[in-house]
1. Projecting each Cα onto the charge dipole of the range 32-157 (Lys/Arg +1, Asp/Glu -1 at the beta carbon, about the Cα centre), which of ALA48, ALA37, PRO131 comes out farthest on the positive side?
2. Inverting the mean 1/r over all pairs of different Cα atoms, compute the Kirkwood radius of the range 32-157 and quote it in Å.
3. Taking the simple approach of a point 7 Å from Cα along Cα-to-Cβ for both ARG106 and GLU58, what is their distance in nm?
4. Sorted by mean Cβ packing within 10 Å, highest first, what order do the peptides 209-215, 176-182 take?
5. Explain nothing, just the number: relative contact order of the range 32-157, from Cα pairs under 8 Å at least 6 residues apart, as a whole percent.
6. Could you tell me whether the range 172-226 comes out rounded, prolate or oblate from its Cα gyration tensor? Rule is a ≥ b ≥ c as square roots of the eigenvalues, rounded for a/c under 1.5, then prolate if a/b exceeds b/c, otherwise oblate.
7. So how do 95-108, 59-72 stack up, highest first, on mean other-Cβ count within 10 Å?
Amino acid sequence: MTAASPSRRRAAPWGRERAAIPCCPPAHRETITVVVAGDQELGRARVAALIRGARGLEVAGEAATAEEAAGIRAEVALLYARAPGAVAATRVLAGGEPKVLVLGEREEIGGYARAVLRAGAAGLLPRDTPPARVLSAIRAVAAGDVVLARAVVEALTESPLDEAPGPGVLTRREAEVIALVARALSNEDIAAYLWISEATVKTHLNRVMAKLGLSSRAHVVAYAYDRGLVRPSP
């Protein structure tokens, strides 16, 4: 019998040793809980099915009314609603813990966007938004960001309600920061755009909220559009 070569004799135990090393455990992922609310059962079920199939997201429950949804503990409330009840439903849900993401009819959302933001919505998208975009929006609002469809931004910038605040109310940098917040940029994106630290962005945002008596990022967005601080894109 031919003796095994030295290289083969060394290879066998090395292979056994590697096989004995336990595989590293998968990285822990936090699960974002979502309650899906809406009076249209079919649409609600479709959105819930989309969320159930996504990694890192969990459907905490489904509800036909905002009042029912408010009783379900979740980080995000996805509201599948038409214009007549969208604002009132948002107000009910935003009064609790979840961040509210509204999916509305494309032809309607521009008309009630301002009222929905004032009611506390953290996001507003048309119902025909691609599934991947809806899922990323859920993750974004859960992280504290605001998500707005381009059509919503365009509608809001075209019709500010009031003049911009006078000198001394906001500094130039504070006005820049909230204008970028209103365009749905994250703190990280704003920091990169203005060449400042993310901590500085948070400081400016907190000062703005304290000066203006605003309680959420969504209210900052509504204020920025109301006062004409966001200019239409060229």
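Each reported figure results from applying straightforward, stated rules to the coordinates on display, with no laboratory input. All values reported here derive from a predicted model rather than from experimental measurement. Quick reminder, even Gly has a Cβ in these numbers, built from the backbone with ideal geometry, and neighbours come from all protein chains shown.
1. My answer, from the dipole projection, is PRO131.
2. Averaging 1/r across every pair of different Cα atoms and inverting gives 13.8 Å.
3. 3.5 nm
4. 176-182, 209-215
5. 22 percent
6. Prolate is the answer for the range 172-226, as a/c is 1.5 or above and a/b outweighs b/c.
7. So the order, starting with the most tightly packed, is 95-108, 59-72.
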